[in-house]
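*Asks:* Dropping a structure here in C-alpha cells format, bear with me for questions.
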Amino acid sequence: MNDRKNAGMTKVAVITGGGSGIGRAAGRKLAAAGWRVVLAGRRQAALDEAAAAHPGLIPLVADVTDEAAVQRLFDETVKRCGRVDLLFNNAGMFPPAAPVPDVALADFTAALAVNVTGMFLCARAAFRVMQAQSPQGGRIINNGSISAQVPRPQAVAYTVSKHAVTGLTRALALEGRAHNIACGQIDIGNAATELTAGIARGSMQADGRMAPEPMMDVEDAAASVLHMAGLPLAANVQFMTVMATAMPFIGRG
C-alpha cells in the first residue's frame, strides 16, 4: 500500500474472536482511532453487544474453522468496506487442562482446528484481498500468546498450536514482502478477560504448585495492537511480547 496515497482513506480491519476479550477491546480501540472494524465471531449476540459501543464496528458471524464461512466473511467485508487493511487474527481456544497421557485426541485436534487452521484460513483470505486490491498491501497481526514461547503445564495442545502460529507468522512475513503485506505477531501474557479469569484465581506452576498470577488490563493489550496496526507498511513489529509485569514468565520453570 502506498501510505501517502492512502492517507485520506478510512482504513478497514477484520478482527476474529471479536465478540469478547482481547478482540472486542482491540476492535473498540481501533474504531475510536477512526478505523472501520469488522468484528467476526461465532456468537451473534456477543458481536452485537460489542459492536454497539461504536458506529465504526460491524458485527459479522463467522466460524474460522469453516473455509466457506471465512470466504464469506472477507467477501462481505470487501462488499461493505471496499478493502481490507488489517487482519487481527485473534480467534483461539484453550482446551481443558490435562497431563500429556490424558489429553483427548478430540481436544488436541479442536485446538489445532481453531488456533492453527482457522488462523491460516483467515490469513490466506486476507492475503488474497490485500494482494489484489489497490493500493496493494495491508497488515496481518497474529495473536500468538506467550505460549508461543514457553509452555504452561498441562497445556500441550495449546502450546503446540501457538508454536505453529509463529511458523505461520514467519511464512506470511516472508511471502508478503513482494505484495506490500506486513505480518507480525503479538504474544500477550495474562490480559484480564473472561478467558483468563481462572489464571487470576490460581494456575498450575511449573513446580506443580497452584498459585494466582498477576494480570494486566486488557486495554493495554488492545493499545499494543493499535500501535502495531498504526505503523506505515514500511515498518513492522515482527514480534511483540506484552504481559503483566510480575507474571511468572521470565524464568518460568
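*Asks:* Relative to the present Cα-Cα distance, how much length would full extension add between A223 and A106 at 0.36 nm per residue of separation? Spell out each step's value before the answer.
*Replies:* On the way: separation 117, 0.36 × 117 = 42.12 nm, distance 3.50 nm.
Contour length minus Cα-Cα distance gives 38.6 nm.
*Asks:* Moving on. Does segment 1-121 classify as rounded, prolate or oblate by the C-alpha gyration tensor (a ≥ b ≥ c root eigenvalues; a/c under 1.5 gives rounded; else a/b over b/c gives prolate, otherwise oblate)? Display every interim value, and only then the final one.
*Replies:* Numbers: a/c = 2.30, a/b = 1.94, b/c = 1.18.
In terms of gyration-tensor shape, prolate.
*Asks:* Right, here's the next one. Can you pull out the trypsin sites (Lys or Arg not before Pro) in segment 172-253 whose DSSP state is coil and whose Cβ has at most 13 other Cβ atoms within 10 Å?
*Replies:* Working: sites: R177, R201, R209, R252; in loops: R209, R252.
Those that pass, being in a loop and sparsely packed, are R209.
*Asks:* If you don't mind, another one. Which of the aspartates and glutamates could a cross-linker bridge to K29, judged by Cα under 17 Å and excluding same-chain residues fewer than eight apart?
*Replies:* D48, E49, D85, D217, E219, D220
*Asks:* Pairing the Cα long axis of helix 119-132 with the longest principal axis of the chain, what angle in degrees results, from 0 to 90 and rounded to the nearest 10?
*Replies:* That helix lies at roughly 20 degrees to the long axis.
*Asks:* Order of 10-21, 212-223, 29-40, 237-248 by packing, highest average Cβ count within 10 Å first? Don't skip to the end; give the middle numbers.
*Replies:* Details: 10-21: 25.0, 212-223: 17.4, 29-40: 22.1, 237-248: 15.9.
Descending mean neighbour count gives 10-21, 29-40, 212-223, 237-248.
*Asks:* For the chain, set up a GNM with springs between Cα atoms under 10 Å and report which of A164, A62, A123 has the largest fluctuation.
*Replies:* A164
*Asks:* Can you tell me what share of the DSSP beta bridges in the chain is antiparallel? A percent to the nearest 5 is fine. Before the final figure, lay out the partial values.
*Replies:* Numbers: 2 of 31 bridges.
Counting DSSP beta bridges with both partners in the chain, the antiparallel share is about 5 percent.
*Asks:* Which angle between 0 and 90 degrees, to the nearest 10, do you get for helix 21-32 versus the longest principal axis of the chain when only C-alpha atoms count?
*Replies:* Once rounded, one gets 30 degrees.
*Asks:* Starting from the Cα-Cα distance between A211 and V160, subtract it from 0.36 nm times their residue separation and give me the gain in nm to one decimal.
*Replies:* Values: separation 51, 0.36 × 51 = 18.36 nm, distance 2.36 nm.
Length gained, A211 through V160: 16.0 nm.
*Asks:* Let's test the formula: R0 of 25 Å, r as the Cβ-Cβ distance of R72 and T10. What FRET efficiency results, to the nearest 0.05? Present the calculation step by step, with values, prior to reporting the outcome.
*Replies:* On the way: r = 22 Å, r/R0 = 0.90.
For R0 = 25 Å, the calculated efficiency reads 0.65.
*Asks:* Using Cα pairs closer than 8 Å and at least 6 residues apart in sequence, work out the relative contact order for the chain, in percent. Don't skip to the answer; put the middle values down first.
*Replies:* Numbers: 506 pairs, mean separation 46.6, N = 253.
RCO, the chain: 18 percent.
*Asks:* Along segment 102-107, what does the Karplus equation 6.51 cos²θ - 1.76 cosθ + 1.60 (θ = phi - 60°) give for ³J(HN,Hα), rounded to whole Hz, x for Gly and Pro?
*Replies:* These are the phi-based 3J(HN,Hα) values: 9, 6, 6, 4, 4, 5 Hz.
No lab work stands behind these numbers, since they all come straight from the coordinates. The model shown is predicted, which means the values in this text are computed figures rather than measured ones. Here the Cβ is made from the backbone with ideal geometry for all residues, glycine too, and neighbour counts use every protein chain on show.
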